[in-house]
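Worksheet: the structure to be examined is printed underneath.
The values are calculated or read from the model by the stated rules, or taken from the named source; none is laboratory data. Owing to the predicted nature of the structure, the values given are computational and were not obtained by experimental measurement. Cβ placement follows ideal geometry from the backbone for every residue including glycine, while neighbour counts extend to all protein chains displayed. Heads up: the accessible areas ignore ligands, DNA and RNA and are worked out on the full protein's heavy atoms, side chains in. Shrake-Rupley method; radii C 1.70, N 1.55, O 1.52, S 1.80 Å.
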Amino acid sequence: MKIFIINGPNLDMLGKREPEIYGHDTLDSINTELAEYCKTVGVTPEFFQSNSEGALIDFIHSARGNADAIVINAGAYTHYSIAIRDAIAAVELPCVEVHLSNVHKREEFRHKSVISAVCTGVICGFGKNVYKLAVEALIASK
Ligand code: DQA
């Protein structure tokens, strides 16, 4: 099973960015840990991060025919990018929306996700473990 693990804007700043909300781990260390977990369950992950909406959309499109599922933390684009929502819908793959923080405990503008409706499920609030939980959920619902 091949899974694209996609991170959007500002997630390249993990470790430095608001650590009281997002933790002290860098995206590289989270990805390394996740790759180790994936090995133990026979999943091949492919990691991608971009701060740009167009690059994220291009990468989501490339999942068609190249991946079995997607895990995406779209960062702030979650709350307003109809273009990312349409890209997820277009590839017709199982997709898990994740957020490190519990967005529902935070500012009201973070309560709304425009991508949830085209995702298989949503996991938020468990810090870096959300990525692993999403992979586990995809395996369990294969
Ligand atoms: C986030 C939550 C978003 O509201 C925020 O814009 C992010 C990170 C999270 O992982 O908790 O960039 O997606």
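Here the range 129-142 is the region considered, the condition is being open to solvent by less than 70 Å² (accessible area, probe 1.4 Å) and either among the charged types (D, E, K, R) or touching a residue at least 40 places away in the same chain (Cβ under 8 Å) (or both), and the residue that is farthest from residue 21 (Cα to Cα) is 139.
Every residue, every condition in (1) within 23 Å of residue 26 (Cα to Cα); (2) touching a Pro at 6+ places or on another chain (Cβ under 9 Å); (3) more than 11 Å from the ligand (Cβ to nearest atom), yes or no:
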position: 50; (1), (2), (3): yes, yes, yes
position: 56; (1), (2), (3): yes, yes, yes
position: 68; (1), (2), (3): no, yes, yes
position: 84; (1), (2), (3): no, no, yes
position: 106; (1), (2), (3): yes, no, no
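When the range 15-39 is limited to residues that are among the aliphatic types (A, V, I, L, M), in contact (Cβ under 8 Å) with a residue 40 or more places away in the chain and surrounded by 14 or more Cβ atoms within 10 Å (Cβ to Cβ), the one that is farthest from residue 100 (Cα to Cα) turns out to be 34.
Flag set for residue 42, criterion: touching a residue at least 40 places away in the same chain (Cβ under 8 Å), in a loop (DSSP other than H, G, I, E, B) and either loosely packed, with under 13 Cβ neighbours inside 10 Å or not β-branched (Val, Ile, Thr) (or both). Within the range 113-125, being of a type outside the set (S, T, N, Q) and near the ligand (Cβ under 10 Å from one of its atoms) holds for 124, 125.
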